[in-house]
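Below is one structure, written out as structure tokens, with a few remarks after it.
The values are calculated or read from the model by the stated rules, or taken from the named source; none is laboratory data. All of these numbers come straight from a predicted model, not from anything done at the bench. Cβ: placed from backbone, ideal geometry, glycine included. Neighbour counts: every protein chain shown.
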């Protein structure tokens, strides 16, 4: 009985978080905080000492429930907190979110991947798992900005990549794409 209730709760949580994130995005767009660097900074300051924690939780959520494009939230962190703190908060949130995505995929398998991502894109990357080229693709996806790294974390959970290898790639590769987003935010 408890397993049934827990399973239902786990099925409902992604829906609730997705709805809340969607509401937040609409709210943020209406406020203009996603288009204006100064407004974003002022908005985040309202949360005081909890701003960084809220942002880290947002980053974890955007990996596990990929509704917000990862690049956009990374830029938001850099703009709101500055290049160093933004990089650190992005890194913490994305590492934790990536670990959670990997573990969820290990536990729930293809079912969770099918619910979160389009089949066409998923199949494209699953092909690399079958060809034993996935570790290289995964590293590049984490290292380079703009690739579907959230999806790749889930597919890594379906692959033969060990947790240790997964963690090593995430820890080493993630800072490079975050540095790119930090530079992009300040140069453009």
Filter result for residue 61 (on the phi > 0 side of the Ramachandran plot and modelled with pLDDT of 70 or more)
no
Identify all residues within the stretch 95-117 that are at negative phi and not in a helix (DSSP H, G or I); write none if there are none.
117
The condition of being touching a residue at least 24 places away in the same chain (Cβ under 8 Å), over 24 Å from residue 168 (Cβ atoms) and crowded, with 21+ Cβ neighbours inside 10 Å holds, among 79, 94, 116, 58, only for 79
Of the residues that make up the stretch 35-52, is at least one surrounded by 14 or more Cβ atoms within 10 Å (Cβ to Cβ), touching a helix residue (DSSP H, G or I) at 6+ places or on another chain (Cβ under 7 Å) and either at pLDDT 80 or above or under 26 Å from residue 168 (Cβ atoms) (or both)?
yes
Every listed condition ((1) within 22 Å of residue 61 (Cβ to Cβ); (2) modelled with pLDDT of 90 or more; (3) over 16 Å from the mean Cα position of the chain (by Cα)) holds for residue 120 save (1)
Only residues in the stretch 138-153 that are in contact (Cβ under 8 Å) with a residue 40 or more places away in the chain count as the first member; pair them with residues that are in a loop (DSSP other than H, G, I, E, B) and surrounded by fewer than 24 Cβ atoms within 10 Å (Cβ to Cβ), Cβ under 6 angstrom, at least 6 apart or cross-chain, and list the lot.
150/66; 151/117
When the stretch 136-164 is checked residue by residue, the ones that are closer than 17 Å to residue 64 by Cβ and in a loop (DSSP other than H, G, I, E, B) are 148
